[in-house]
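Step one of this worksheet: look at the structure below.
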Amino acid sequence: MVPFKIGEEASFSRTVTETDIVLFAGLSGDYNPVHVDKEYAKDTRFGQRIAHGILTTTFLSRLLGMELPGPGAIYLDQTLKFKKPVFIGDTITAKAIITEVDENRRILTLSTICTNQENKVVLEGSGRMMVPEEGGKI
Ligand SMILES: C/C=C/C(=O)SCCNC(=O)CCNC(=O)[C@H](O)C(C)(C)COP(=O)(O)OP(=O)(O)OC[C@H]1O[C@@H](n2cnc3c(N)ncnc32)[C@H](O)[C@@H]1OP(=O)(O)O
């Protein structure tokens, strides 16, 4: 038996800082000026620097790996749509809801969504996770 049910959900919120963007640029090697160059970003449609899309995606990784389904589960796939920009100082809420449970293959499908402090969706998609047996490992 998989100890998860359709409709189960988890979420957490985190404010994106300039340090997050600088550290993520260093970690990934992605120094795209839209993320790190204030002068460049001033003249874009956004008017300021925006967070790397994959930085926001890491909030989903934390949610799925640490909370639902949690430690021991492994990512199988994830779709992503970046709907709105994330700016320095935005408080992002990442939320995951189980939409399917495949008992035989021990695979959960989760709707994954990130919203900002204005409750606007900045990222949405769907992910699948394989979960270990209770007390076991994959
Ligand atoms: C290398 C890595 C770089 C990065 O990480 S950059 C950071 C991550 N990306 C972002 O932050 C972008 C966030 N998204 C946005 O800011 C906006 O979103 C856009 C500027 C891309 C578009 O916004 P708007 O100009 O208001 O257009 P619309 O009316 O929302 O959409 C126009 C058409 O474009 C499609 N569309 C918009 N966003 C997406 C998306 N993320 N994925 C797929 N399609 C998208 C819509 O459907 C629609 O199309 P239809 O006119 O045919 O209905």
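Only a single criterion out of (1) away from the ligand (no atom under 13 Å from the Cβ); (2) hydrophobic (A, V, I, L, M, F, W, C); (3) closer than 13 Å to residue 16 by Cα; (4) surrounded by fewer than 20 Cβ atoms within 10 Å (Cβ to Cβ) is not satisfied by residue 94, namely (4). Among the residues of segment 64-98, write down those that are under 11 Å from residue 129 (Cβ atoms) and not small (Gly, Ala, Ser). Hits for segment 64-98 are 64, 68, 69, 74, 75, 76, 77, 78, 98. Restricting 116, 104 to residues that are closer than 30 Å to residue 5 by Cβ and more than 16 Å from the ligand (Cβ to nearest atom) narrows the list to 104.
Residue-by-condition table, conditions (1) open to solvent by 80 Å² or more (accessible area, probe 1.4 Å); (2) on the phi < 0 side of the Ramachandran plot; (3) within 11 Å of the ligand (Cβ to nearest atom):
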| position | (1), (2), (3) |
| --- | --- |
| 7 | no, no, no |
| 19 | yes, yes, no |
| 26 | no, yes, no |
| 30 | no, yes, yes |
| 37 | no, yes, no |
| 44 | no, yes, yes |
| 54 | yes, yes, yes |
| 62 | yes, yes, no |
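The values are calculated or read from the model by the stated rules, or taken from the named source; none is laboratory data. Just so you know, these numbers come straight off a predicted model, no measurement behind them. Please note: Cβ atoms are built from the backbone with ideal geometry, for glycine as well, and neighbour counts cover all protein chains shown. Note: accessible area is taken over every heavy atom of the protein model, side chains too, but ligands, DNA and RNA are not part of it. Shrake-Rupley method; radii C 1.70, N 1.55, O 1.52, S 1.80 Å.
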